[in-house]
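Peer 1: My structure is below; once you've seen it, I'll send some questions.
FYI, it's all coordinate maths here, none of it is from the lab. Values in this document were obtained by computation on a predicted structure and should not be read as measured data. Neighbour counts are summed over all protein chains in view; Cβ atoms, including those assigned to glycine, are modelled from backbone coordinates with ideal geometry.
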Amino acid sequence: MKHGQCIHFTGAQHRLCGRGVLYAQFAPGLPCIQFMHKSARGGTYLKAGELPAETKPWPGALPKERCPFYAEPTDEQVQADRAEMDAHVEKTMAAMKVASTWRVKPKPAQDRRETVECPVCKGSLHLSQSAYNGHVHGKCETADCVAWME
């Protein structure tokens, strides 16, 4: 959740928002995103408690009144979402650190797979490395732990 973005927005890759509104009816714009914040670190991701360095109107934004379900998130919702995302990124980075030591360089001649101990939950982390491009994918067996694809 972000300030300037409806709480029902599920992403432009989806057909419908969380309230069942068809995004295509608003084409070529959307009322779901009104503005975006930019971080002093660069990019649009703000950490929990971080204040935006800049706020810009969203290109193609339609007036939010165009959608009867538009609802701004509260500051508490935004901060909780950021804290959850920060924790998720921290877990994923810990697992990817293990994967980086497991990775073979240069890329292996054959695809490889192995199960190692997950550094996050101590469960089973399944790793695989592609012979095609050397990318490593990982997924922990524990529900809601870590998973990524390079």
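Peer 1: Given a cut-off of 21 Å, name the pairs among LYS91/LYS139; LYS2/LYS56; LYS91/LYS122; LYS38/LYS97; LYS2/LYS64; LYS38/LYS139 whose C-alpha atoms lie farther apart than that in the structure shown.
Peer 2: LYS38/LYS97; LYS38/LYS139
Peer 1: Right, something else. Does anyone have the angle between helix 75-102 and the longest principal axis of the chain? Alpha-carbon axes, 0 to 90°, nearest 10?
Peer 2: 20
Peer 1: Related question: Just round it to a whole percent: the fraction of Cα-Cα distances in the stretch 1-73 exceeding 17 Å.
Peer 2: 44
Peer 1: Write down, largest first, the equivalent ellipsoid semi-axes of the chain in whole Å, where each equals the square root of 5 times an eigenvalue of the alpha-carbon gyration tensor.
Peer 2: 37, 18, 15
Peer 1: Using the alpha-carbon centroid of each, what span in Å lies between the stretch 99-113 and the stretch 4-20?
Peer 2: Cα centres, the stretch 99-113 to the stretch 4-20: 38 Å.
Peer 1: Treat the stretch 95-148 as a sphere of radius equal to its Kirkwood radius over Cα pairs and apply Stokes-Einstein at 37 °C in a medium of 0.692 mPa s; give the translational diffusion coefficient in µm²/s, rounded to a whole number.
Peer 2: 295
Peer 1: Nearest 0.05, what FRET efficiency do ALA53 and ALA131 give at R0 = 35 Å with Cβ-Cβ as r?
Peer 2: The value I calculate is 0.25.
Peer 1: Step through the residues of the stretch 29-36 one at a time and calculate ³J(HN,Hα) from phi using the Karplus curve (6.51 cos²θ - 1.76 cosθ + 1.60, θ = phi - 60°), rounding each to whole Hz and writing x for Gly and Pro.
Peer 2: x, 9, x, 5, 10, 9, 7, 10
Peer 1: Here's something else I'd like to know. Going 7 Å from the Cα of THR44 toward and past its Cβ, which residues in the stretch 52-89 have a backbone nitrogen under 11 Å from where you end up?
Peer 2: Within reach of a label on THR44, which here means backbone N under 11 Å from a point 7 Å along Cα→Cβ, the stretch 52-89 contributes 56-61.
Peer 1: For the chain, what does -39500 (n - 2.57) per DSSP helix run (n ≥ 4), summed and divided by total residues, give at 222 nm, in deg cm²/dmol to the nearest 500?
Peer 2: -6500 deg cm²/dmol
Peer 1: List every residue whose amide H lies under 5 Å from the amide H of GLN5, counting only residues 5 or more places away in sequence or on a different chain, with H placed 1.01 Å from N in the peptide plane.
Peer 2: GLN34
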